[in-house]
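Before any comments, here is the structure.
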Ligand SMILES: Cc1ncc(COP(=O)(O)O)c(C=O)c1O
């Protein structure tokens, strides 16, 4: 029997229905603006987040990189939360491509408006200071254990950004999880942001793709940067069709991933050698701390039945997604009980 793969929500495989939608997609050359399925996905994505325009991209990383390129000047400062994907996992792209530096704000991934205000910087006459060119909020927060940004706290952040005339970008790789987790539409956050990127290839189950959304002017600039980065795709409708299918059929399923993540967390929290507040698990990601075994040893011990990843010197991460059902959850719990109990 294949192991239950909890390494990431990126490991899902397209369902037969999604593959059928991909096979049936009408396509054209999207670099010439002629792919009707890409256009349909972009229109639907823009509508979902309440922005004017959208751009289909190969990855969430490209979405964040283009956001920095399109919002910032070289030498600008970008304010992010602790453990931000853009700082840790985008291969140094912020510095290498957009020429920005980062200021890390707050603890645990998210930050308050007051903490943000203390980090914002404007240009000084002597030219010593790197002015803030962008504020980025990751929602949900991956290293923060799938934590949802509180919409009221986000509103206060957006007002601080407006007051300082600094654009606000959401790294919404798992924005759909945030929305499902609180039972609110994505506009609870996106209505107050200048741009947002969200992934189709994580919990939503598409094989490829992310969408960057914003104003018409921002997406025009983003379009040029996508080309510059080599992200112009031709008959991309076969991929966009998977994303459209996901937005039409998979959003409601995310609640099941969240329920299963919470159930695993509750089981783990009762095992010796595990430190975990299961009530803090809000979406599909479970990060727990080991007090005895090393993460590597635990990952090896459960490996025949479950695949999970070390996520720090004492941490392990398990991520639920649409290819793990209740039977997979039960097998995962049993494997952790055998290894730790
Ligand atoms: C919070 C966050 N942002 C961005 C990304 C990048 O997405 P991609 O893997 O499509 O480049 C990820 C990927 O896991 C992520 O977790």
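Here is how the numbers come out for the structure above:
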{"quantity": "Residue among 59, 86, 91 that is assigned by TED's automatic domain parsing to the domain that holds residue 223, on the phi > 0 side of the Ramachandran plot and within 16 Å of the ligand (Cβ to nearest atom)", "calculated": "91"}
{"quantity": "Matching residues in segment 309-341 - criterion: being assigned to a loop (DSSP other than H, G, I, E, B) and over 16 Å from residue 263 (Cα atoms)", "calculated": "311, 312, 313, 314, 323, 341"}
{"quantity": "Qualifying residue in segment 69-81 (condition: free of Cβ contacts under 8 Å to residues at least 40 places away in the same chain and closer than 30 Å to residue 182 by Cα)", "calculated": "no"}
{"quantity": "Qualifying positions in segment 133-160 - out of contact with any helix residue (DSSP H, G or I) (no Cβ under 8 Å at 6 or more places or on another chain) and within 24 Å of residue 54 (Cβ to Cβ)", "calculated": "141, 155, 158"}
{"quantity": "Qualifying residue in segment 36-46 (condition: surrounded by 14 or more Cβ atoms within 10 Å (Cβ to Cβ), within 16 Å of the ligand (Cβ to nearest atom) and within 20 Å of residue 207 (Cβ to Cβ))", "calculated": "yes"}
{"quantity": "Residues of segment 224-251 that turn out to be part of a helix (DSSP H, G or I) and surrounded by fewer than 18 Cβ atoms within 10 Å (Cβ to Cβ), as a count", "calculated": "6"}
{"quantity": "Verdict on residue 70 being under 27 Å from residue 211 (Cβ atoms), surrounded by fewer than 22 Cβ atoms within 10 Å (Cβ to Cβ) and more than 12 Å from the ligand (Cβ to nearest atom)", "calculated": "no"}
{"quantity": "Spans of helices (runs of 4 or more DSSP H) in segment 12-119 with at least 3 residues in contact with a helix residue (DSSP H, G or I) (Cβ under 6 Å, 6 or more places away or on another chain)", "calculated": "16-23, 36-49, 60-71, 113-119"}
{"quantity": "Any hit, segment 108-127, residues being within 14 Å of the ligand (Cβ to nearest atom) and surrounded by 18 or more Cβ atoms within 10 Å (Cβ to Cβ)", "calculated": "yes"}
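The values are calculated or read from the model by the stated rules, or taken from the named source; none is laboratory data. Here the structure is a predicted model, which is why all the values come from computation and not from measurement. Please note: Cβ atoms are built from the backbone with ideal geometry, for glycine as well, and neighbour counts cover all protein chains shown.
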